[in-house]
Every structure is written in structure tokens, then in C-alpha cells.
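J.: The structure under discussion is supplied below as C-alpha cells; questions concerning it will follow.
Read-outs: derived from the displayed coordinates by stated rules, not from any lab. Just so it is clear, the structure is predicted and the values come from calculations on it, not from any experiment. Every residue, glycine among them, receives a Cβ derived from its backbone with ideal geometry; neighbour counts consider all protein chains shown.
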Amino acid sequence: MPDLEKLLKRLIQHDVEFVLIGRYAMMMRGFSAVLLACFLIGASDLHADGNLDARLLAFEKAMAAALRSESRSDELGLAAVVKLEAQIKVAEFPKLEAFASERDGMLAFAVMPIFVRHDRLDPVARLATRALTKGESREYRMWKWWETMFGERPDFERLSKRLGLAFASAYEKGDEATRTVIADIFGKQPMTAVEFRRFIETSGKGQK
């Protein structure tokens, strides 16, 4: 379990302002430290410096630097995500989604908690689908991340159900390739949109 006070002091060293919104007993494993940022810390009123494109490019650069760091990868990535959430406006979310969907899966997963915190599950489903297009073990990768991130929340079951419905919407609107990825995320073979929504609605949560 991390020492949160030490973590906060490290973030201060990287010029990130924030307020503590709660102590969460969450595990910090490798890059999961980056993904858990938005639930460990809420940013205070940081002024958005530069236009959105500049901020997103700065975020991408900061994340790349974090991944290159051998000793401070978690802290640097955490600081980058916190700063981005502090600076971005809800009206800018569509552009954030578009930006993340054009990058690799790591960047997409890093920003997904921002959408969850703002109760927007549709972008999460779309970003996860895009991020998991390549590679194997989609089901394991998706739900291991989801449970690690949000499993301690008291509304986890309801949140998972809502994510499942968001995936159902993405499935209905998606092409054949998209449907194949989403079905695999749930450990299923492709089916009709009606059948997939019925599966989601009767499975009890956003997992198989």
C-alpha cells in the first residue's frame, strides 16, 4: 500500500497543485499508478495554459517521459494525468477522446478514468475498444484493469452494468471489426446487436 503523504510530496516537486479528496485503499502496481490517479487525487484550480491541442501534446510528451523513466515512472505519469484532468473542461472531452483514440492503448487507458469520474461511460467503452483492437487476451486485459481501478467503489456493480450498456451501444453502432473486438472483450463470439444487448441486460453486470 502506498504512503499517500509521500506520494503527494513527490507530486508537489513536479509543480502539480491538488487537493486531497479522500484516502482510497487501492493497490499501486506498475502503470496502474497512472491509471488510479484520478481517484487518489483531485486537482485544484489549475489554470489551463495554452490551447487544448498544446495541452494534449504536452500530456503525451509527459507520459512518454514517464514511460522512459526507470525509477519514477509511476509518479511522473500520475502527475501528468492529474494535471490534465485539472486543466481540461467538460466541453473539451470529445477532443480528448479523439486524441486518445488516435494514440496507443496506454494513453487511452490513462485518460479513461477521467471520463469515469465525470460519469461518461460511452467514451470509456469506445476508447477501450480502440485500445484493445490489437493483441490478445482482450477479456482479461479489460476486466483486470477495470476491477483493479474501480473494484473498491461501493457502486462497482452498478458502474460495471452501466459500462456494459455503453459497450452495447458501441456494438450497435460499430462495424464488423468493432463488434468482433467488443464480443471478445466479453468472451463471446460475434452476434447480432439485439442478441448482444440482451446478453448485457441479462448478465447482471458489465462482464461475462
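J.: Starting from the Cα of residue 117, step 7 Å along the direction of its Cβ; do the same at residue 201; then give the gap between the two resulting points in nm.
T.: 3.4 nm
J.: Further question: Which parts of the stretch 119-143 would a label at residue 172 reach, counting a residue when its backbone N lies under 14 Å from a point 7 Å out along Cα-to-Cβ?
T.: Only 122 pass the distance filter.
J.: A further question follows. Could you give the spread of the C-alpha atoms of the stretch 51-208 along their three principal axes, from largest to smallest, in whole angstroms?
T.: Here the Cα extents, ordered largest to smallest, are 44, 31, 31 Å.
J.: Among the trypsin sites (Lys or Arg not before Pro) within the stretch 105-147, which fall in a DSSP loop and have no more than 16 other Cβ atoms within 10 Å of their own Cβ? It would help to have the intermediate numbers written out before the result.
T.: Values: sites: 117, 120, 126, 130, 134, 138, 141, 144; in loops: 120, 134.
Counting only loop positions with at most 16 other Cβ atoms within 10 Å, the trypsin sites (Lys or Arg not before Pro) in the stretch 105-147 are 120, 134.
J.: Which entries of 144/188; 61/188; 134/173 have Cα-Cα distances beyond 29 Å here?
T.: 61/188
J.: Related question: With the crude spin-label approximation of a point 7 Å out along Cα→Cβ, what separation in nm comes out for residue 70 versus residue 136?
T.: Taking the two extended label points, one gets 3.1 nm.
J.: Let me ask you something else. Would you mind listing how long the stretch 119-208 runs along its three principal axes, going by Cα atoms, in whole Å with the largest first?
T.: So the extents along the principal axes, rounded to whole Å, are 35, 27, 21.
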